[in-house]
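The values are calculated or read from the model by the stated rules, or taken from the named source; none is laboratory data. Computed from a predicted structure; not experimentally measured. Cβ sites come from the backbone with ideal geometry, for glycine too, and all protein chains shown count toward neighbours.
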Amino acid sequence: NENFVGHQVLRISATDEAQVQKVRELEELEHLKLDFWRDPARAGLPIDVRVPFPTIQSVKAFLEYHDISYEIMIEDVQSLLDEEKQQMSAFQAR
Amino acid sequence: ALSTDAFNYATYHTLDEIYEFMDLLVTEHPQLVSKIQIGSTFEGRPINVLKFSTGGTNRPAIWIDTGIHSREWVTQASGVWFAKKITKDYGQEPTLTAILDNMDIFLEIVTNPDGFVYTHKTNRMWRKTRSHTEGSLCVGVDPNRNWDAAFGMPGASSNPCSETYRGKFPNSEVEVKSIVDFVTSHGNIKAFISIHSYSQLLLYPYGYTSEPAPDKEELDQLAKSAVTALTSLHGTKFKYGSIIDTIYQASGSTIDWTYSQGIKYSFTFELRDTGLRGFLLPASQIIPTAEETWLALLTIMDHTVKHPY
């Protein structure tokens with residue numbers, strides 16, 4: 001099973017087209033292994049992205065450097081998956 | 001579960017469990033429900049569709065699919081709930097009864113079975129199909145960019161490693177081609193509703209161009225009514241509009257193709273939530289999500305029956 005320990009989901013708020021473009025640049029960087037849950041479309045629309053633990057600091061630094069605001073929507077993806085799995089197992093056992 | 005009454009609708013299920021549920025439902029309601037296999041997936045699994053019909057030959061029909069993106073688990077779970085709801089309400093609830101007395105309903109609960117199994121066994125975050133692309137180590141195609149509608153235009157990727165990879169050619173994915181073949185050979189589908197999550201949106205064509213669809217006014221009015229019905233149950237707010245205006249440009253998408261085939265009432269839902277949990281929606285929200293979505297579906301289906309074309 002793939003592990004998502006420490007993966008975070010960030011909500012990025014790009015205020016203008018230039019910031020949207022900057023986020024698109026991130027999307028092109030395959031080595032960051034970003035998973036866009038909501039793609040960068042246009043200014044004003046939220047962009048949600050799952051960021052793996054090893055790249056989280058560089059992604060946040062990139063956003064801060066470019067003055068792009070973000071918030072953490074999911075602190076640790078794996079803990080939610082564990083919860084989900086536990087609940088399914090509990091129902092199956094019942 | 002020994003019967004679909006005992007089935008747990010408030011938890012997420014595996015493909016095997018959902019397929020067993022479908023068989024059980026057919027056994028319990030042989031006069032109303034049948035199972036059709038419209039194809040086999042890349043990895044060889046059956047692609048099953050439930051047909052709800054009260055008789056007639058090649059009646060006008062409504063198509064509903066859930067789970068074309070495998071990680072959007074609340075959609076497959078809602079599909080299961082819809083199936084049960086149809087069997088419970090036929091003959092009891094006047095709107096659904098009138099719909100089924102005039103039209104058939106086709107429901108494909110797990111539209112991307114290989115991807116769905118992969119989300120359970122290996123990677124909960126998997127979205128695409130599981131097909132292989134020659135010359136690439138990356139697996140899968142986005143089945144919502146693989147349709148023959150502005151295929152290859154902006155709004156999809158040509159990179160096999162991208163989550164929105166469109167595939168080598170239109171209908172390259174058997175999961176897509178099977179629906180295309182079914183819809184074209186049926187020839188009498190009047191509404192086509194494809195269900196995704198998340199974002200709380202009800203969308204209509206187009207995704208590839210900002211040109212308004214010829215039926216935009218009617219679709220917009222209908223979307224407004226459907227969203228009003230949805231919101232009336234739990235207060236969940238939905239936005240509505242064309243794909244390109246509401247979210248982003250997307251080419252090769254499902255409902256752009258169905259609309260191009262003359263299926264006027266072509267809609268895409270994006271169910272709960274707006275990003276707090278995203279694809280990891282707690283199972284406690286399955287039933288409320290399905291219940292409210294059902295009201296919107298009923299509005300669209302009712303309109304379809306009452307406005308023949």
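Quick notes
- Leading residue by the ranking (nearest to B:Glu72 (Cα to Cα)) among those in the range B:275-296 that are crowded, with 20+ Cβ neighbours inside 10 Å and not small (Gly, Ala, Ser): B:Phe279
- Screening B:Gln221 with (1) outside any helix (DSSP H, G or I); (2) free of Cβ contacts under 8 Å to residues at least 60 places away in the same chain gives one miss only, at (1).
- Selected residue (only one of A:Ala14, A:Ala61, A:Ala18 is at pLDDT 95 or above, touching a helix residue (DSSP H, G or I) at 6+ places or on another chain (Cβ under 8 Å), over 20 Å from B:Arg272 (Cα atoms) and not polar (S, T, N, Q)): A:Ala14
- Scanning the range B:277-296 for residues that are within 14 Å of chain A (Cβ to nearest Cβ), in contact with a helix residue (DSSP H, G or I) (Cβ under 6 Å, 6 or more places away or on another chain) and part of a helix (DSSP H, G or I) gives B:Leu280, B:Ala283, B:Ile286.
- Taking the conditions (1) modelled with pLDDT of 95 or more; (2) within 14 Å of another protein chain (Cβ to nearest Cβ); (3) touching a Phe, Trp or Tyr at 6+ places or on another chain (Cβ under 7 Å) in turn, B:Ile38 satisfies each one other than (2).
- In the range A:81-90 there is at least one residue matching the filter, namely being closer than 24 Å to B:Ala283 by Cα, small (Gly, Ala, Ser) and at the interface with chain B (Cβ under 9 Å from one of its Cβ atoms).
- Candidates in the range B:116-142 are the residues that are within 10 Å of another protein chain (Cβ to nearest Cβ) and surrounded by fewer than 22 Cβ atoms within 10 Å (Cβ to Cβ); of these, the one that is farthest from B:Gly67 (Cα to Cα) is B:Cys138.
- Restricting the range B:238-274 to residues that are part of a strand (DSSP E or B) and in contact (Cβ under 8 Å) with a residue 60 or more places away in the chain leaves a set whose member that is surrounded by the fewest Cβ atoms within 10 Å (Cβ to Cβ) is B:Glu270.
- Qualifying residue in the range A:63-77 (condition: part of a strand (DSSP E or B), surrounded by fewer than 13 Cβ atoms within 10 Å (Cβ to Cβ) and of a type in the set (Ser, Thr, Tyr)): yes
- B:Asn159 meets each of the listed conditions (1) part of a helix (DSSP H, G or I); (2) surrounded by fewer than 22 Cβ atoms within 10 Å (Cβ to Cβ); (3) within 14 Å of chain A (Cβ to nearest Cβ) apart from (1).
- Residue in the range B:178-201 that is within 13 Å of another protein chain (Cβ to nearest Cβ), touching a Gly at 6+ places or on another chain (Cβ under 6 Å) and crowded, with 21+ Cβ neighbours inside 10 Å present: yes
- The residues on offer are B:Thr228, B:Thr258, B:Thr246, B:Thr274, and the sole one that is out of contact with any Lys or Arg (no Cβ under 8 Å at 6 or more places or on another chain) and within 14 Å of another protein chain (Cβ to nearest Cβ) is B:Thr274.
- In the range B:275-297, the residues that are over 14 Å from B:Ala77 (Cβ atoms) reach residues that are acidic (Asp, Glu) and not in a helix (DSSP H, G or I) with C-beta atoms within less than 8 angstrom, at least six apart or across chains, in these pairs: B:Gly275/A:Asp48; B:Gly278/A:Asp48.
- Looking across the range B:91-131, the residues that are without any contact (Cβ under 8 Å) to a residue 40 or more places away in the chain and more than 30 Å from A:Ser89 (Cα to Cα) come down to B:Gly91, B:Gln92, B:Glu93, B:Pro94, B:Thr97.
- Qualifying residue in the range B:193-209 (condition: at positive phi and touching a strand residue (DSSP E or B) at 6+ places or on another chain (Cβ under 7 Å)): yes
- Test: residue in the range B:209-216 that is touching a residue at least 12 places away in the same chain (Cβ under 8 Å) and either within 22 Å of B:Phe82 (Cβ to Cβ) or in a helix (DSSP H, G or I) (or both): yes
- Only a single item in (1) surrounded by 22 or more Cβ atoms within 10 Å (Cβ to Cβ); (2) of a type in the set (A, V, I, L, M, F, W, C); (3) part of a loop (DSSP other than H, G, I, E, B) is not met by B:Phe151, and it is number (1).
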